[in-house]
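None of the figures in this text is laboratory data; all of them are computed from the coordinates on show. Here the structure is a predicted model, which means the values were calculated and not measured. Cβ placement follows ideal geometry from the backbone for every residue including glycine, while neighbour counts extend to all protein chains displayed.
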Amino acid sequence: MVHAIPSADIEAMLSDLAVSARRTPEAYLAAARATLVRILSRPELLDPSRLVGRGEGLSRNLLFGTEAISVWAMVWAPGAMTPVHDHHCSCCFGLLRGSLRETWYRPISDTHAMATQDAVREPGFVACMLPTGPKLHRIANDGPEAAVSIHVYGYDHRAQETSIHRTYAVAAG
């Protein structure tokens with residue numbers, strides 16, 4: 001039998017991560033990666049009600065937020081997909097369950113992009129990036145089951161609606 005860790009423990013872990021956002025970008029991303037790895041290895045830390053989708057598409061469930069970071073559980077129904085986008089802030093994500101396809105793009109104009117790389121992400125995968133130059137990607141759930149990912153963004157969810165800086169149309173190849 002797995003015993004759930006009190007929610008105060010995850011709050012403390014995420015509060016520590018928010019404090020690390022004041023460190024160098026590299027140190028902060030290392031802390032974000034380590035926090036995601038810990039969360040993915042201990043899913044009982046999370047409130048199960050925050051890991052449930054609401055209908056079709058992508059459901060975003062806020063897990064934690066301060067002026068420095070926002071942490072979201074994203075529930076991807078089969079067929080859910082983001083637009084091609086980049087971020088105005090740091091972005092880390094880890095896959096808790098299911099699989100997601102991440103496709104990377106290069107901008108060819110201010111409005112269009114072309115695919116350059118494609119990978120299927122499996123549970124336990126963690127990636128982090130800073131908003132240094134155009135780093136465009138799209139995430140999609142191509143599978144038959146819902147997928148759940150945990151995202152750590154370097155922005156205040158109360159001041160901005162999303163971490164997305166700009167979206168792009170896919171150029172015809």
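From the residues in region 68-84 that are of a type outside the set (A, V, I, L, M, F, W, C) and surrounded by fewer than 21 Cβ atoms within 10 Å (Cβ to Cβ), which one is farthest from H137 (Cα to Cα)?
Only one residue fits best here, namely P78.
Table: residues versus (1) in contact with a Ser or Thr (Cβ under 9 Å, 6 or more places away or on another chain); (2) surrounded by 19 or more Cβ atoms within 10 Å (Cβ to Cβ).
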{"residue": "H88", "(1), (2)": "yes, no"}
{"residue": "C92", "(1), (2)": "yes, yes"}
{"residue": "L95", "(1), (2)": "yes, yes"}
{"residue": "I108", "(1), (2)": "no, no"}
{"residue": "M114", "(1), (2)": "no, no"}
{"residue": "Y153", "(1), (2)": "yes, yes"}
{"residue": "H165", "(1), (2)": "no, no"}
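If the requirement is being within 26 Å of G53 (Cα to Cα), of a type in the set (S, T, Y) and free of Cβ contacts under 8 Å to residues at least 60 places away in the same chain, which of these qualifies: S99, S163, S149, S90? Outline the logic, then answer.
Working: S163 fails: free of Cβ contacts under 8 Å to residues at least 60 places away in the same chain; S149 fails: free of Cβ contacts under 8 Å to residues at least 60 places away in the same chain; S90 fails: free of Cβ contacts under 8 Å to residues at least 60 places away in the same chain.
Of the residues listed, the single one that is within 26 Å of G53 (Cα to Cα), of a type in the set (S, T, Y) and free of Cβ contacts under 8 Å to residues at least 60 places away in the same chain is S99.
For region 110-135: of the residues being free of Cβ contacts under 8 Å to residues at least 24 places away in the same chain and small (G, A, S), which is farthest from G53 (Cα to Cα)?
Ranking the candidates gives G133 first.
Any residue that is under 14 Å from the mean Cα position of the chain (by Cα), within 13 Å of Y153 (Cα to Cα) and surrounded by 19 or more Cβ atoms within 10 Å (Cβ to Cβ) - is there at least one of those in region 3-21?
no
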